[in-house]
Amino acid sequence: MTRSIRIGIDTGGTFTDVVAFDEVSGEVVTTKTPSTPANPADGFLAGIDKVLALLGRGAGDVDAVSHGTTVATNQLLEGKVERLGFITTEGYEAMLEIARQSVPDGYGNSYFWVKPDRIVPRDLVKGVGGRLDHTGAEVRPFDAEGARRVARWFRERGVDTLAVCFLHSYADPAHEEAMREVLAEEHPDAVVSISSQVLREYREYERAMTTLVDAAVKPRLSAYVANITERLRGLGGSTGGGAPRALSSSGGSTGGGAPRAFPFYVMKSNGGVLSADEVVHQPITTVLSGPAAGALGAAMIAQVAGFDRVLTSDGGGTSTDVSVVIDGEPTLTTEGSVGAYPSKIPMIDVVTVGAGGGSIAWLSPEGTLKVGPQSAGADPGPLCYGRGGREVTITDAHVVLGRIPPHLLGGEIPLDVDAARAGVEALAELLGLSPEACACGVLEISAWNQANALRQVTVKRGLDVRDFTLTTFGGSGSLLLCRLMDVLGIETVLVPPDPGNVSAFGLLTVDVKNDYVQTHVRLAEQLAAGDVARVLDDLTARAARALRGEGFDETEHCFVRTADLRYFGQAFEVRVPVPDGPVDETTLDEVARGFHAEHRALYGYDFAGDPTQQVEWVNLRVSGIGPIRRPEIRRHPVPEPPPPAPVASRRRPVCFDAAAAYVDTPVHQRADLAPGTVVTGPAVLEEFGSTVPLHPGFNARVDEHLNLVVTREGTR
């Protein structure tokens, strides 16, 4: 029996999206199933059953499963952090309280800012004697007896989740490893994260916070992954580590014996995947798992369609995630955060705004209309779900205005239009507006929330939003695209086929990837090429070991080397590539030139010609990549002459503008639109998992890859 089916599953707040790829035939099948917040594994398994039924295949045909999970993300966004303990260098117990002494944007006067609670209260922080300097040299020996007292103290108080961050452990992990051994002896039930494994990089506060977040999400994520792993075994094939045999063109063969294990992979924030066996040891790496998959899927689709500068907008039931893609690659950052918690792990630079289909419309104490970030989620969901929801949501506004059909998923989920209308009418009465004006107002606020997020990833980074093509996807991502074009001045929007499943599709395009970093602070004039080579070789060796552990042959290994540089005295670094090959003085000079150019691109100036401004190297990084075979996006030639204007499958009243009331609008089934077809607004384009309301004055053209390319009338 040939195993040739790879499955990508993205679990969202409202729906679980599923894409299956048959490597032998090249067939790609997509579907959705309602998420199950009480136990997300139920929706996960239901999605596998559903997509295999559509393919007419069984669990024995599955070669690998890749998963984008929001378990860690939601835990942090909701602030559901269980009781944590923190162990640090003696004398530095106030590290978390001191933090960076910075006031967030929006609080010009710190008098009005209330410092949030720390992730660990001060009484659960303990110091242990011993000290290293910044080179890793031991200043004071590790206090083993003091460490045992601290371990027993936490054990006696039932604090079972612990993070360890000692000063300068990025230079030498010996003291942290000794602390972990003590904890294993004195408090064996504890879940422990140590900073030298989570983030071997300087800046003790950020390193400590990243390690604490890793520890905080480890119990819940481990239980979730273990649950799914066990239930996947019940499908008829156990799961395990190792590279997917999807690297070959024919899949694997089980012969006549017991079914072999197929890999179960989890999406990481850095744009790679990791086996479930390993991800439980690196839970921090999954904090932007779902959004990262969407950005990668949209990046591939847009690049194939001929667009190299792209903004992605992934609209779901709870939020909208936006990112920047240049030349097919989403931008990465190590300055991200999830909720109130900073995290310095490499992650795709995603900005999230509470503007999903389930975002709630509400009145502020001043009587003004607000939308989000609170969400009705999947249960009870919007009013139109008929599950007991009591507050108007963005989805309810779309239903009342006729912009989405009175059902979801092709009729699988009927919507209660009357309940949505009653809720909008009640809210409109409070505002002194007509129901249509109220519903349009809800959507207008949502559009501006999304537009501000898109500006945050462009304008705030020195990019002009008008230079980009917007790619919208997700169940709700394309509902406001025409308004976003007006607000942002964007000329073109690309809507992929099956937009609600782009994140799940992205999971099938993702390589196995591990990141390794080592702080190595040196002024350029003091930097030795041999030292740089030694550090990079060590990081590369660690990456190679991880790839071998994932089942990749050494001939398949790929390595990407980068360095973080800055001008001496600056607080933050700029990341630039390090060329392949031996490291010598020529290599160092090339990296420095790349730094000057990137600094100018980011900030508008550089000091390349000023000998008084010294360049300082800070961190060296290596990413180890194990490539997989990606699904091919098929081309469908546009016929000559192009197809005639399509005939609507039906019509319904739709309100695009409260002042213009309802307009009798043609409704088209997107699956019926051949390549080259042009639809002129007003119109509504529907498909299984998504809807595109096309406002008056806009056109949508179906390209040769079945994308919708939306432009204003008169634009070529």
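The values are calculated or read from the model by the stated rules, or taken from the named source; none is laboratory data. Because the structure is a prediction, the values reported are computed rather than measured. Cβ: placed from backbone, ideal geometry, glycine included. Neighbour counts: every protein chain shown. Only protein heavy atoms, including side chains, enter the accessible area calculation; ligands, DNA and RNA are left aside. Shrake-Rupley method; radii C 1.70, N 1.55, O 1.52, S 1.80 Å.
Below are the figures for this structure:
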| item | result |
| --- | --- |
| Volume of the Cα convex hull of the chain, divided per residue and given in Å³ | 180 |
| Degrees between helix 204-233 axis and first principal axis of the chain (Cα, 0 to 90, nearest 10) | 60 |
| Under-5 Å amide H pairs with residue 201, H placed in peptide plane, nonlocal only | none |
| Of the chymotrypsin sites (Phe, Trp or Tyr not before Pro) in region 605-640, those whose Cβ has at most 11 other Cβ within 10 Å and which sit in DSSP loop | 605 |
| Gain in span if fully extended, residue 613 to residue 651, counting 0.36 nm per residue against the direct Cα distance | 7.0 nm |
| Local electrostatic count at residue 45 - Lys and Arg +1, Asp and Glu -1, tallied over other residues with Cβ under 14 Å | 0 |
| For the chain, accessible area per residue (1.4 Å probe, heavy atoms of protein chains only), Å² | 40 |
| Neighbour-limited loop hits for trypsin sites (Lys or Arg not before Pro), region 40-89 (at most 15 other Cβ within 10 Å; DSSP other than H, G, I, E, B) | 80, 83 |
| Relative contact order (percent, whole number), region 180-221, Cα cutoff 8 Å, 6+ residue spacing | 36 |
| Listed pairs 80/218; 268/513; 344/513; 50/218 exceeding 19 Å between Cα atoms | 50/218 |
| Efficiency of FRET between residue 559 and residue 538 - r from beta-carbon atoms, R0 22 angstrom, step 0.05 | 0.95 |
| Carbon and sulfur %, accessible surface of region 313-365 computed with the full protein complex present, 1.4 Å | 54 |
| Inter-probe distance in nm under a simple model that places probes 7 Å from Cα toward Cβ, at residue 177 and residue 114 | 4.6 |
| Backbone N within region 659-702 under 19 Å of label point (7 Å from residue 46 Cα along the Cβ vector) | 688-690 |
| Modelled FRET efficiency - R0 60 Å, residue 363 with residue 545, Cβ distances, 0.05 increments | 0.55 |
| Computed label-point distance, nm, for sites residue 94 and residue 80 using a 7 Å Cα→Cβ extension | 3.5 |
| Surface share of carbon and sulfur [accessible, 1.4 angstrom probe, percent] for region 136-244 | 45 |
| Centre separation in Å (Cα based) which lies between region 381-425 and region 645-693 | 19 |
| Fraction of accessible area attributable to carbon and sulfur, region 452-565 (%, probe 1.4 Å) | 44 |
| Derived scalar couplings ³J(HN,Hα) [region 383-399; Karplus, 6.51 cos²θ - 1.76 cosθ + 1.60; whole Hz; x for Gly, Pro] | 4, 5, 6, x, 10, x, x, 10, 10, 5, 10, 4, 4, 4, 5, 4, 5 |
| For region 303-315, Karplus couplings with θ = phi - 60° (6.51, -1.76, 1.60), whole Hz, Gly/Pro x | 5, 4, 7, x, 10, 10, 10, 9, 9, 9, 9, 9, x |
| Principal-axis tilt of helix 174-186 within the chain, Cα atoms, nearest 10 degrees | 80 |
| Low-density loop positions, trypsin sites (Lys or Arg not before Pro), region 372-478 - DSSP coil, at most 14 other Cβ in 10 Å | 387, 390 |
| DSSP bridge orientation in the chain - percent antiparallel, rounded to nearest 5 | 75 |
| Distant-in-sequence amide H partners of residue 665 (H built 1.01 Å from N, under 5 Å) | 652, 654 |
| Rg over Rh [alpha-carbon atoms, Kirkwood Rh] for region 379-466 | 1.10 |
| On Cα atoms only, tilt of 144-156 relative to the major axis of the chain in degrees | 40 |
| Residue among 389, 530, 576 farthest towards the positive dipole end of the chain, charges placed on Cβ | 389 |
| 5 angstrom amide H check on residue 90, placed H, neighbours 5+ away | 128, 129, 130 |
| Hz values of 3J(HN,Hα) by residue in region 448-465 - Karplus curve (6.51, -1.76, 1.60), Gly and Pro given as x | 5, 4, 5, 4, 5, 5, 5, 5, 5, 8, 10, 4, 5, 10, x, 10, 8, 4 |
| Among 324, 493, 137 - extreme Cα towards positive end, dipole of the chain, charges at beta-carbon | 493 |
| FRET E, pair residue 525, residue 54, Förster distance 56 Å, beta-carbon r, rounded to 0.05 | 0.35 |
| Check: the chain dipole with +1 on Lys, Arg Cβ and -1 on Asp, Glu Cβ, in debye | 940 |
